[in-house]
Amino acid sequence: MKLAPARELLDAAVSGGYALGAFNFSNLEFLQAIVEAAGDTDTPVILATSEGAVKYAGLDNIVALARAAAARCPVPLCLHLDHGQNMDLIRACIAAGYTSVMIDASDLPFTENVEKTAAVVRLARPRGVSVEAELGRLVGIEDSVRVEERDAVLVDPAEAGEFVRRTGVDSLAPAVGTAHGAFKFKGDPRLDLARLEQVREATRGLPLVLHGASSVPTEVLKACRAAGVELPGAKGVPADQLRAAVRAGVAKVNTDTDLRLTFLAAVRSTIVGRPGEFDPRRYLGPGRDAVQALVRERIRFLRRAS
Ligand code: G3H
Ligand code: 13P
Ligand code: ZN
């Protein structure tokens with residue numbers, strides 16, 4: 001199978017009543033783990049690479065690996081640029097064979113975000129490449145945060161409607177209280193689900209994307225701790241809030257941190273206490289297996305969530 005545009009997979013997920021998983025990779029082991037998990041669960045996935053991942057692994061390597069994976073995989077895969085900010089890189093990804101790009105101009109004023117996003121849609125659409133954009137700032141919001149503070153950083157639903165009309169994007173990532181990484185919230189996590197519902201209404205059912213969706217699950221933290229990793233205060237999006245977000249219109253759920261933590265715990269627990277081990281396959285392999293199991297579980301969760 002050829003790599004598929006994100007919009008095709010998102011539409012299938014929406015009509016199939018499930019949310020699509022997007023998982024980040026920047027090396028062979030993560031890619032293999034994600035693709036195997038997609039096959040295990042018979043569910044399409046989005047293979048996401050950040051600008052940093054492209055720099056680390058090389059654009060040509062990433063495209064070749066993703067194409068080879070798609071050719072073998074029994075379910076459709078999409079190759080997506082995550083948080084693209086550099087227009088030259090976005091152009092290069094489209095030319096090289098990516099089937100989806102995110103333009104993240106969320107740090108610019110609204111009108112400039114509209115203009116930059118619309119320019120990417122004009123580049124991508126004729127080539128059958130899907131476009132995701134972002135509105136608002138990804139910062140963890142807790143229960144205690146005042147309404148004015150929320151309004152200052154989170155997506156404005158009315159703006160979201162206007163943004164989609166003016167840009168023609170295929171999906172939108174609205175900031176509703178999640179943040180990237182392993183330390184999302186200091187207090188109790190509380191996604192702004194009412195705002196998410198308003199965005200869904202304003203954007204008339206356009207597939208919405210939840211960034212910063214790692215749960216930092218207790219069992220993963222336990223495995224990390226047992227392997228000597230120190231992450232005091234680590235906290236993610238609780239499963240019930242993730243489920244509620246999917247029910248409120250999220251069709252694509254982005255996960256990276258949980259994979260990184262899982263990989264780290266498995267690799268460390270394999271090498272700590274084995275000072276003579278120097279065959280990378282013997283410690284990267286267990287990391288890959290652990291990530292595959294985690295992604296499989298996450299995909300199953302997303303299938304049940306809606
Ligand atoms: O959204 C961010 C992803 O977790 C990728 O992060 O820029 O460290 O590759 P990165
Ligand atoms: P996490 O940091 O929660 O895994 O979020 C990943 C993400 O949003 C990638 O774009
Ligand atoms: Zn993100």
How about Lys2: which aspartates and glutamates have a C-alpha closer than 17 Å to its C-alpha, ignoring those fewer than 8 places off in the same chain?
Glu36, Asp42, Asp60
Express in nm, to one decimal, how much length is gained between Lys55 and Phe183 on full extension, taking 0.36 nm for each residue of separation and deducting their alpha carbon distance.
43.6 nm
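What dipole magnitude, in Debye to the nearest 20, does segment 139-259 give about its Cα centre under +1 on Lys/Arg Cβ and -1 on Asp/Glu Cβ? Don't skip to the end; give the middle numbers.
Working: 16 positive and 18 negative charges, 51 e Å.
Dipole of segment 139-259, to the nearest 20 debye: 240 debye.
What's the extension gain from Val229 to Val147 if we count 0.36 nm per residue and subtract their Cα-Cα distance? Please list the in-between numbers first.
Numbers: separation 82, 0.36 × 82 = 29.52 nm, distance 3.63 nm.
Stretched fully, the Val229-Val147 segment lengthens by 25.9 nm.
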Which of Asp151, Asp289 comes first, and how do the rest follow, when ranked by fewest Cβ neighbours within 10 Å?
Asp151, Asp289
Give the separation of the Cα centroids, segment 47-89 to segment 265-288, in Å.
26 Å
Eligible lysines near Lys184 by straight Cα distance, threshold 27 Å, same-chain separation 8 or greater:
Lys55, Lys222, Lys235, Lys252
Using +1 on the beta carbon of Lys and Arg, -1 on that of Asp and Glu, and nothing else charged, what's the dipole of segment 1-139 about the Cα centre, debye to 20?
420 debye
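Restricting to Cα pairs below 8 Å that are 6+ residues apart, what does the relative contact order work out to for segment 1-146? Please round to a whole percent. Mind showing how you got there, number by number?
Working: 230 pairs, mean separation 34.9, N = 146.
Relative contact order, segment 1-146: 24 percent.
Sort Thr270, Thr43, Thr178 so the one with the fewest other Cβ atoms within 10 Å of its own Cβ comes first. Could you put the intermediate results ahead of the total?
Working: Thr270 18, Thr43 21, Thr178 26.
Taking fewest neighbouring Cβ atoms as first place, the list is Thr270, Thr43, Thr178.
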Among Gln292, Ala119, Leu264, pick out the residue whose Cα is farthest towards the positive end of the charge dipole of the chain, where Lys and Arg carry +1 and Asp and Glu carry -1 on C-beta, about the Cα centre.
Gln292
FRET efficiency for Asp88 and Thr111, using Cβ-Cβ distance with R0 set to 22 Å, rounded to 0.05
0.45
Percent of Cα pairs exceeding the 16 Å cut-off, where the set is segment 31-118:
54 percent
Largest fluctuation, Glu134, Glu149, Glu29 only, Gaussian network model of the chain with Cα springs under 10 angstrom, belongs to Glu149
Neighbour-count order for Ile46, Ile103, Ile271, fewest beta carbons within 10 angstrom listed first:
Ile271, Ile103, Ile46
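Taking a quarter of the surface of the Cα convex hull of segment 140-183, what do you get in nm²? Intermediate results must be reported in sequence, preceding the final value.
On the way: hull surface 15.8 nm².
Result: 3.9 nm².
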Choice from Val209, Val253, Val54 with maximal GNM fluctuation in the chain (Cα, 10 Å cutoff)
Val54
Per the Cα gyration tensor, the chain corresponds to an equivalent ellipsoid with semi-axes, largest first in Å, of 30, 24, 17
³J(HN,Hα) computed for each position of segment 56-62 - Karplus, 6.51 cos²θ - 1.76 cosθ + 1.60, integer Hz, glycine/proline x
5, 9, x, 4, 5, 5, 4
So if I place +1 on the C-beta of Lys and Arg and -1 on the C-beta of Asp and Glu, and nothing else carries charge, what would the dipole magnitude of the chain be about its Cα centre? I want it in debye, nearest 20.
700 debye
If one builds a Gaussian network model of the chain from Cα atoms under 10 Å apart, the most fluctuating residue listed among Ala37, Ala12, Ala175 is Ala12
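Mean separation of Cα pairs under 8 Å and 6+ residues apart, divided by the residue count of the chain: what relative contact order is that in percent? Don't skip to the answer; put the middle values down first.
Values: 617 pairs, mean separation 62.8, N = 306.
Relative contact order of the chain: 21 percent.
Read the figures in this text as sums done on the coordinates, not as results from a lab. Remember, predicted model here, so these are calculated numbers, not experimental data. A quick note on method: Cβ atoms are made from the backbone with ideal geometry, for glycine too, and the neighbour counts reach across all protein chains shown.
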